[in-house]
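Participant: This structure is in structure tokens; I'll ask about it shortly.
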Amino acid sequence: MKIALIGYGKMGHEIEKIAVQRGHTVVSIIDVNNREDFESEAFGSADVAIEFSTPASALDNYRKCFAAGVPVVAGTTGWLDHMDEVKEACTKGGQTFFYASNYSLGVNIFFVLNKYLAKIMNNYSDYDVKMEEIHHIHKLDAPSGTAITLAEGIIENVDRKDGWHLETEESDSDIAIRSIREGEVPGIHEIIYESEADTISIKHDAKSRKGFALGAVVAAEFTKGKKGFLGMNDMLNF
Ligand SMILES: NC(=O)c1ccc[n+]([C@@H]2O[C@H](COP(=O)([O-])OP(=O)(O)OC[C@H]3O[C@@H](n4cnc5c(N)ncnc54)[C@H](O)[C@@H]3O)[C@@H](O)[C@H]2O)c1
């Protein structure tokens, strides 16, 4: 299939490698200096655009894809305040948009495990829950999009929790998230339940960006020819 890449940074390069390995053609690569290419014939010919750019530029890139009628597989995090507009473009405007806060298969298994553990822990109020996420120093948003998805999975299932906050802020009923930025860490997420008696924790540790990039290309293959708002649950069918 024909793939367009938007954002040619660490993820864009990794995705290009995997897309080519899987027999796809990259027909257009758009970064900050050639945004006029959104109007090009090559971009318009793409079956799917895969977008990994920055929180500040993501929404405008999605609008440009919609204008060109090119389905989007979106990986950028930190823009979710605008999710309603994107969903409306799909439901009312006939656009196609796939979003995952994390494209790695392992993390999506971890999401399911997190919800299952939260369901069990709902009955054990002696345990408080907190989260720690560690990423490389270049990451612009905190907490990570993955940490927010994990927090939502806990809030859905643990009645005594109704929100999340960064560890630096004060709150009792919320889940405290500690966001650490160090070195070139691709991404570590740990959920920690703690009582006076003991600690139970589950952890996902990404070894590289390969897992995210492969998941994004597989999501593009899944998205081709589909309509509407899509996500990992539609694709993985756990
Ligand atoms: N969903 C996931 O699985 C997942 C995995 C890894 C990273 N991410 C997210 O993906 C995003 C990109 O990550 P990265 O590590 O590749 O970052 P990066 O900084 O290496 O690359 C971002 C690229 O976007 C480009 N860019 C900036 N403004 C742009 C614009 N207006 N139009 C087009 N391109 C523009 C930059 O020049 C740069 O090349 C981040 O938000 C990160 O959190 C998501």
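The values are calculated or read from the model by the stated rules, or taken from the named source; none is laboratory data. Model, not experiment: these values are computed from the prediction. Counting neighbours? That spans all protein chains shown, and the Cβs are built from the backbone with ideal geometry, glycine included.
Participant: What's the total number of residues in the range 59-75 that are surrounded by 24 or more Cβ atoms within 10 Å (Cβ to Cβ) and either at pLDDT below 95 or farther than 17 Å from GLY228 by Cβ (or both)?
Facilitator: Final tally of qualifying residues: 1.
Participant: Now for a separate question. Would you check if THR146 is over 22 Å from LEU113 (Cβ atoms) and in the same structural domain as THR199 (by TED's automatic domain parsing)?
Facilitator: no
Participant: Is it the case that the range 34-44 has a residue that's away from the ligand (no atom under 16 Å from the Cβ) and surrounded by fewer than 20 Cβ atoms within 10 Å (Cβ to Cβ)?
Facilitator: Yes: one or more hits.
Participant: Against the conditions (1) assigned to a strand (DSSP E or B); (2) away from the ligand (no atom under 14 Å from the Cβ), where does HIS204 fall short? Just the number, please.
Facilitator: For HIS204, the exception is condition (2).
Participant: So, in the range 169-197, of the ones that are assigned to a strand (DSSP E or B) and of a type outside the set (A, V, I, L, M), which residue ends up farthest from ALA213 (Cα to Cα)?
Facilitator: Step by step, filter the range 169-197, then rank; the result is GLU194.
Participant: Name, by its number, the condition in (1) in a helix (DSSP H, G or I); (2) buried (at least 20 other Cβ atoms within 10 Å of the Cβ) that does not hold for GLU133.
Facilitator: (1)
Participant: Of everything in the range 111-128, what is under 21 Å from the mean Cα position of the chain (by Cα) and of a type in the set (Val, Ile, Thr)? Give them in sequence order.
Facilitator: VAL112
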